[in-house]
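Below is one structure. I have some questions about it.
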Amino acid sequence: MYPKITLKRGKDKPVLAHHPWIFSGAIARADDAHDSDTVDVFDAGGAWLARGYYNSRSQIAVRLWTWNRDEAVDRAFLRGRLARAFAERNAWIDRDATDAYRLVNAESDLMPGLVVDRYADFVVVQFLTLGIEKEKKEITELIAELVKPQGIYERSDVDVREKEGLGSSVGVLYGGEPPDRIEVCENGFRFLVDVKRGHKTGFYLDQSENRRRVADLTGFQKPVRSELLNVFSYTGAFSIYACAANPNVHAVNLDASADALNLARENMRLNGCEANGEFVEGDAFHALRRYRDEGRSFDAIILDPPKFVYSQSQLQAGLRGYKDINLLAFKLLKPGGTLVTFSCSGLVSADLFQKVIFGAAQDAGRDAQIIAKLSQAPDHPILLSFPESEYLKGLVCRVM
Ligand code: SAH
């Protein structure tokens with residue numbers, strides 16, 4: 001018997017539809033439930049609905065584990081959920097070409113609050129919530145057993161933990177400490193990843209498919225010199241794919257982080273294309289204006305900015321940010337050039353993003369076509385019952 005959560009009348013619909021979140025406003029009574037407890041959720045009439053974990057300090061008061069009353073949340077259950085997620089990746093990832101990928105994508109893999117990423121022989125984990133923090137020891141042991149990595153490293157240094165009443169937590173959970181740079185493979189390309197200090201768990205794994213698509217679509221195949229501006233380049237991944245597609249690409253990597261650019265240079269060297277690279281440290285909003293004022297132009301521009309919108313209150317400012325950089329990019333493109341533009345803000349829908357890009361093209365006085373729509377890589381699945389898990393969208397636009 002788990003502690004009992006009773007919903008307000010009429011608040012059972014999303015739970016019945018297998019949405020994994022219950023907001024605090026939907027709860028009528030939490031009786032004897034304590035924070036981090038596994039709880040049973042009942043509708044106002046007393047019918048059992050689902051099982052999850054509870055945190056009164058979070059607006060997302062319950063995150064659901066299961067809609068099957070026979071499933072206890074114990075070691076065997078966690079083992080089953082992890083094994084399913086691992087098997088799903090093993091079924092399609094070409095392990096000879098790719099050894100860096102997401103093994104568990106939190107709610108989308110029915111493991112709310114848990115991120116598990118593989119980087120060659122190491123595993124990097126994030127425990128984003130109090131309820132999953134409670135299972136840390138068990139989950140670490142199970143990953144060690146199922147994946148047999150050299151080490152498991154925790155990168156729970158994320159702001160969302162504050163909303164759960166948790167501080168940050170970083171360090172070795174199992175095995176050896178990862179080196180400062182782990183060499184990994186993605187689609188046959190080699191990358192050095194700093195899992196201890198890099199962004200997220202070290203690398204933007206969600207862009208793996210898009211890097212390939214973009215190299216295919218930008219026309220880099222043609223053996224003519226081609227100017228690429230890779231804005232928000234981080235460690236240079238998009239540039240490396242592009243240079244491999246056409247050795248005559250000159251790739252300007254622009255980022256605010258000197259550490260990221262140092263690694264970008266090393267990564268380009270590792271893939272034999274350092275000579276194609278230029279590395280510019282600076283603020284994208286300023287640099288794009290400077291390029292405009294200097295009259296520079298490019299055959300392709302990639303815009304992969306960080307998340308601009310974290311809450312509804314930031315939506316308008318975020319949209320202005322997207323419009324600004326995209327307008328400048330449209331102005332910098334040669335006729336026939338390609339704009340590859342992303343938003344990873346979940347609160348900006350694909351439709352809304354497309355409208356912003358349309359507005360940017362109009363204001364730049366350019367006509368453009370969408371030649372591809374991009375999303376997050378398949379190791380970052382979108383749970384159908386949880387539309388919030390869709391966050392990354394991209395448009396490949398050709399200027400006419
Ligand atoms: N395209 C990258 C991921 C980009 S992540 C890849 O494929 O790996 C976003 C990047 O934007 C980070 O590297 C961050 O350092 C950089 N950044 C954030 N704000 C910036 C700004 N105002 N100007 C330039 N770069 C910025």
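The values are calculated or read from the model by the stated rules, or taken from the named source; none is laboratory data. Quick caveat, the model's predicted, so the values are computed rather than measured. Here the Cβ positions follow ideal geometry from the backbone for every residue, glycine too, while neighbour counts run over all protein chains shown. Areas reflect the complete protein model, heavy atoms only, side chains present, ligands, DNA and RNA absent. Shrake-Rupley method; radii C 1.70, N 1.55, O 1.52, S 1.80 Å.
Looking at segment 75-183 only, what percent of DSSP beta bridges run antiparallel? Nearest 5 please. The partial results should precede the final answer.
On the way: 17 of 21 bridges.
So the antiparallel bridges amount to about 80 percent of the total.
Under the definition of Cα pairs under 8 Å and six or more residues apart, what whole-number percent is the relative contact order of the chain?
On the way: 843 pairs, mean separation 43.4, N = 400.
RCO, the chain: 11 percent.
Sticking with this one: Against the longest principal axis of the chain, how steep is helix 136-147, in degrees 0 to 90 to the nearest 10, with axes from Cα atoms?
60
Right, something else. Measuring with a 1.4 Å probe in the full set of protein chains, what accessible area per residue, in whole Å², belongs to segment 75-183? It would help to have the intermediate numbers written out before the result.
Values: 4390 Å² over 109 residues.
I get 40 Å² per residue for segment 75-183.
If you count only protein heavy atoms and use a 1.4 Å probe, how large is the accessible surface of LYS163, to the nearest 10 Å²?
It works out to around 140 Å².
Work out the charge dipole of the chain with +1 on the Cβ of Lys and Arg and -1 on the Cβ of Asp and Glu about the Cα centre, then indicate which of PHE308, SER208, ALA61 is farthest towards its positive end.
Selected residue: PHE308.
Can you give me the % of accessible surface on segment 259-400 that is carbon or sulfur? Probe 1.4 Å, all protein chains present, nothing else counted. Can you show the working numbers first?
On the way: 3250 of 6470 Å².
Carbon with sulfur: 50 percent of the solvent-accessible area.
Another one. How far is helix 315-332 tilted off the main Cα axis of the chain, in degrees rounded to 10, range 0 to 90?
20
Only residues of segment 354-398 count here: report those whose backbone N is under 15 Å from the spot 7 Å along Cα→Cβ of SER297, or say none.
Those under the cut-off are 365-367.
Taking a probe of 1.4 Å, how large is the accessible area per residue of segment 4-66, in Å²?
Details: 2850 Å² over 63 residues.
That works out to 45 Å² per residue.
Here's something else I'd like to know. Using the charge dipole of segment 75-183 (Lys, Arg: +1 at Cβ; Asp, Glu: -1 at Cβ; taken about the Cα centre), state which of THR98, SER169, PHE86 has its Cα farthest towards the positive end.
The one lying farthest along the dipole's positive direction is PHE86.
Is there a quick way to get the dipole size of segment 196-268? I mean about its Cα centre, with the Cβ of Lys and Arg at +1 and of Asp and Glu at -1; what is the value in debye to the nearest 20?
100
Something else about it: Just to be sure I understand the curve: with the Debye formula and one point per C-alpha of the chain, what is log10 I(q)/I(0) at q = 0.11, 0.12 Å⁻¹?
For the requested q values the scattering log ratios are -0.85, -0.98.
Counting only protein heavy atoms and a 1.4 Å probe, tell me what percentage of segment 75-183's accessible area is made up of carbon and sulfur.
Values: 2080 of 4390 Å².
Roughly 47 percent of what the probe reaches on segment 75-183 is carbon or sulfur.
Which whole-Hz ³J(HN,Hα) couplings does segment 362-371 yield from phi under the Karplus relation 6.51 cos²θ - 1.76 cosθ + 1.60, θ = phi - 60°, glycine and proline marked x?
4, 5, 7, x, 10, 9, 8, 10, 8, 9
Once phi is turned into ³J(HN,Hα) by the Karplus curve 6.51 cos²θ - 1.76 cosθ + 1.60 with θ = phi - 60°, what whole-Hz value does each residue of segment 148-158 show in order, with x for glycine and proline?
6, x, 6, x, 10, 10, 9, 10, 8, 9, 10
Quick one: putting +1 on the C-beta of Lys and Arg, -1 on the C-beta of Asp and Glu, what dipole do you get for the chain around its Cα centre, in Debye to the nearest 20?
Result for the chain is approximately 980 debye, rounded to the nearest 20.
With angles folded into 0 to 90 degrees, how steeply does helix 208-217 sit against the dominant principal axis of the chain? Use alpha carbons for both and round to 10.
30
From largest accessible area down, sort ARG225, ARG398; use a 1.4 Å probe on the protein chains. Numbers along the way, then the final one.
Details: ARG225 160, ARG398 70 Å².
Sorted descending by solvent-accessible area, the residues read ARG225, ARG398.
If you don't mind, another one. Restricting attention to the alpha-carbon atoms of segment 147-267, what are Rg (one decimal) and Dmax (integer), both in Å?
16.8, 55
Still on this structure, I have one more. Simple spin-label model, 7 Å along Cα-to-Cβ: TRP92 to ASP70 in nm?
2.9
Using Cα pairs under 8 angstrom and six or more residues apart, how large is the relative contact order of segment 4-66, in percent? List each step's numbers first, then the result.
Numbers: 133 pairs, mean separation 23.9, N = 63.
For segment 4-66, the relative contact order is 38 percent.
What span do the alpha-carbon atoms of segment 304-400 cover on each of the three principal axes, reported in whole Å from largest to smallest?
41, 30, 19
Per residue, how many Å² of accessible area does segment 204-399 show with a 1.4 Å probe? Before the final figure, lay out the partial values.
On the way: 8120 Å² over 196 residues.
Dividing the accessible area of segment 204-399 by its residue count gives 41 Å².
Here is a follow-up. Of the accessible area of segment 4-66, with the probe set at 1.4 angstrom, what percent is carbon plus sulfur?
On the way: 1380 of 2850 Å².
Whole-percent figure for carbon plus sulfur exposure: 49.
Could you tell me the relative contact order of segment 75-183? Use alpha-carbon pairs under 8 Å, at least six residues apart, and round to a whole percent.
Numbers: 165 pairs, mean separation 22.4, N = 109.
So the answer I get is 21 percent.
Could I ask something else about it? Could you calculate, for segment 204-399, the ratio of the Cα radius of gyration to the Kirkwood radius, expressed as Rg to Rh?
Details: Rg = 15.8 Å, Rh = 16.8 Å.
When Rh is taken as the Kirkwood radius, the ratio is 0.94.
Among all the lysines, which ones have a C-alpha under 16 Å from LYS307's C-alpha, if same-chain residues fewer than 8 places away are not counted?
LYS200, LYS323, LYS393
What does the charge dipole of segment 4-66 about its Cα centre add up to, to the nearest 20 debye, if the Cβ of each Lys and Arg holds +1 and the Cβ of each Asp and Glu holds -1?
Computed charge dipole of segment 4-66: roughly 240 debye.
Which shape class applies to segment 4-66: rounded if a/c is under 1.5, otherwise prolate when a/b exceeds b/c and oblate if not, where a ≥ b ≥ c are the square roots of the Cα gyration tensor eigenvalues? Numbers along the way, then the final one.
On the way: a/c = 1.39, a/b = 1.25, b/c = 1.12.
Rounded, because the longest to shortest axis ratio a/c is under 1.5.
VAL249's amide H: which non-local residues (gap 5+, or another chain) put their own amide H closer than 5 Å, with H modeled 1.01 Å from N in plane and none for Pro or chain starts?
So VAL249 has HN proximity to SER226.
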